[in-house]
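Data first, discussion second: the structure below is written as structure tokens.
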Amino acid sequence: MVGLMALKGQLDDVVHLWLRRPSHGNALDPITLSRLHEELSSAESRPECRAVVLRAEGSTFCAGADVAASMHLIRCSDQLLAFFVEGRRLMDRLVNSRLISIAVVQGLAAAGGLELVTAADIVIATDTAQFADRHTTYGFLPAFGATSLLPLRVGKSVAQSMLVGKRELNATEARSVGLVHRICTADEIDALIEAEMSQLRKVGADQLSLVKSLINTLEPVNFELETEAVRRFSELGGYDPSRFTRREERDPDSAH
């Protein structure tokens with residue numbers, strides 16, 4: 001199955017990027033990450049493009065990094081760490097892109113899916129949305145930027161309760177802490193996206209880019225500490241394949 005589908009909106013100033021692995025919880029594997037990088041570059045190269053919309057097929061937005069793919073990469077730590085670097089690089093690109101990114105979340109956004117949400121500028125959630133970290137459930141460290149992005153969005157206390165205490169948020173709770181901007185039903189998604197785009201079209205493209213850049217200057221994202229922590233965790237044997245064998249056998253198609 002194709003892991004990603006890119007579609008232009010009704011106008012050429014928006015591109016919809018669809019995650020298309022519903023049977024795998026729309027989990028992020030190396031191929032999907034690579035395609036997301038390619039499509040983001042394509043959108044950024046078009047002067048008329050103002051926004052990218054991150055969407056997903058099925059009942060789950062994104063359950064995280066693909067566990068089966070990660071289990072395979074664990075057997076070669078350099079490849080696993082390279083996969084994590086590409087994930088962090090995608091989040092960094094979304095944060096710093098001149099384009100406004102809109103994440104549309106239905107169902108679960110967990111681990112890497114949560115990180116994708118925190119990298120977006122605008123988050124629309126359906127009333128069925130659920131937000132969780134779950135890295136520690138699978139013996140992983142957050143590796144796509146959660147320790148940098150989540151505290152900036154929801155504050156240190158809530159971020160810690162999600163990253164360490166395994167707290168999960170529904171759509172209403174996520175809006176109350178600043179993770180979600182708008183809540184709607186599934187039938188209202190397209191209209192709400194268009195409403196957001198209508199507002200963006202009232203502002204000059206250069207102004208949008210400058211305001212976003214200034215905000216990021218006030219709250220800079222620094223992935224270096226997380227990168228170093230993940231590397232050290234790997235060197236200390238945290239990603240020992242034997243630790244994950246039973247989990248892989250029990251749940252081979254899930255994501256972390």
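The values are calculated or read from the model by the stated rules, or taken from the named source; none is laboratory data. Note that this is a predicted model, so its numbers are computed, not measured. Here Cβ is always computed from backbone atoms with ideal geometry, including for glycine, and neighbour counts include all displayed protein chains. Ligands, DNA and RNA are stripped out before the accessible areas are found, and what is left, the full protein with its side chains, is counted by its heavy atoms. Shrake-Rupley method; radii C 1.70, N 1.55, O 1.52, S 1.80 Å.
Scanning segment 163-184 for residues that are farther than 20 Å from Asp121 by Cα and either among the polar types (S, T, N, Q) or within 17 Å of the chain's Cα centre (by Cα) (or both) returns Leu163, Glu168. Looking across segment 164-188, the residues that are open to solvent by less than 20 Å² (accessible area, probe 1.4 Å) and either under 24 Å from Val14 (Cβ atoms) or part of a helix (DSSP H, G or I) (or both) come down to Ala171, Ala174, Leu179, Val180, Cys184. From the residues in segment 16-38 that are open to solvent by 40 Å² or more (accessible area, probe 1.4 Å) and either in contact (Cβ under 8 Å) with a residue 60 or more places away in the chain or under 13 Å from Ser97 (Cα atoms) (or both), which one is farthest from the chain's Cα centre (by Cα)? The extreme case among them is Ser23.
Looking at Val2, is it hydrophobic (A, V, I, L, M, F, W, C) and either under 21 Å from Gly204 (Cα atoms) or at pLDDT 90 or above (or both)? It is false that Val2 is hydrophobic (A, V, I, L, M, F, W, C) and either under 21 Å from Gly204 (Cα atoms) or at pLDDT 90 or above (or both).
Leu149 falls short on exactly one of the conditions (1) open to solvent by 20 Å² or more (accessible area, probe 1.4 Å); (2) part of a helix (DSSP H, G or I), and that condition is (1).
Screening segment 197-256 for helices (runs of 4 or more DSSP H) wholly inside it with 3 or more residues that are at pLDDT 75 or above returns the ranges 205-218, 224-235. Regarding segment 206-217, can at least one residue be identified that is surrounded by 18 or more Cβ atoms within 10 Å (Cβ to Cβ), more than 20 Å from the chain's Cα centre (by Cα) and within 18 Å of Val53 (Cβ to Cβ)? For segment 206-217, residues surrounded by 18 or more Cβ atoms within 10 Å (Cβ to Cβ), more than 20 Å from the chain's Cα centre (by Cα) and within 18 Å of Val53 (Cβ to Cβ): present.
Looking at the structure I just gave you, is Ser161 assigned to a helix (DSSP H, G or I), small (Gly, Ala, Ser), open to solvent by 70 Å² or more (accessible area, probe 1.4 Å) and without any contact (Cβ under 8 Å) to a residue 60 or more places away in the chain? So Ser161 fails the test.
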